[in-house]
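Notes for the one structure printed next.
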Amino acid sequence: MKAIIAATTKGIIGNKAGGLLWKCKPDMQHFKRMTTGNLLLVGASTYRDMAKSWPKDKEFLPDRALAIVHYNSSEDELRSYLRDEDQWKLSFHSGGTTREIYEECEHLGSAWDGTYLIGGAVTYDLFIDYCDTIYLTTIKLAIDIEPSPLTVSYGPIMTSKIMLSDWQAFSVDAIDETTKVEARFDLLELNPR
């Protein structure tokens, strides 16, 4: 399984009202390029934020399916965010161990090109150990944002779950010419054991 993680240089990935704190076309293009044709493993809160902000007249995440991990949300509530014609792409996972959910998603992902872990923080924490590749996007914000009750951070995941010495890193930088937001794309591949 592969993981896609996006964060700012301060480790902030979004706000609790839903959505990202930046607009960066290279980041969105990178996400689309990497995830199209794949099954996306996502937590209920992150899915909810994405679905709420998606234009209602457009297909939700075209050419992708979603495996939604949820424990405190009803499937009916989660389905309510998408148009009827997008319902086919959803599967729900709330029972079993993390390993059982991972294996079920890998099985579902075999019908696609593969499986990508796309967050949020709790879902990363649960499943990052099953990843052999991480696509980490770091956004350099021109404004100074301090963590607050309105922001969500990925810091504990990176420090507690990912031992950087176990990974090889390859990097490339990009800039959104319209917004001038800078992004750094890192590919982390797990070293052979």
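Brief remarks on what is shown
- Here the spin labels are modelled as points 7 Å beyond Cα on the Cα-Cβ line, and at Thr133 and Thr179 they lie 2.5 nm apart.
- Taking label points 7 Å from Cα along the Cα-to-Cβ direction, Asp76 and Gln29 give a separation of 4.4 nm.
- Computed accessible area, Glu100, all protein chains, 1.4 angstrom probe, square angstrom: 100 Å²
- Cut-off 12 Å between beta-carbons: net charge of the residues surrounding Glu189, Lys and Arg +1, Asp and Glu -1: -2
- Distance violations [Cα-Cα > 23 Å] among Lys32/Lys58; Lys25/Lys56; Lys52/Lys180; Lys2/Lys180; Lys2/Lys56: Lys52/Lys180; Lys2/Lys180; Lys2/Lys56
- Given charges at beta-carbon only (K, R positive; D, E negative), |dipole| of segment 57-97 in Debye: 180 debye
- Across all directions, the average projected area of the convex hull around the alpha carbons of segment 60-141 is 6.9 nm².
The values are calculated or read from the model by the stated rules, or taken from the named source; none is laboratory data. All of these numbers come straight from a predicted model, not from anything done at the bench. Please note: Cβ atoms are built from the backbone with ideal geometry, for glycine as well, and neighbour counts cover all protein chains shown. The accessibility values were calculated without ligands, DNA or RNA, using every heavy atom of the protein model including side chains. Shrake-Rupley method; radii C 1.70, N 1.55, O 1.52, S 1.80 Å.
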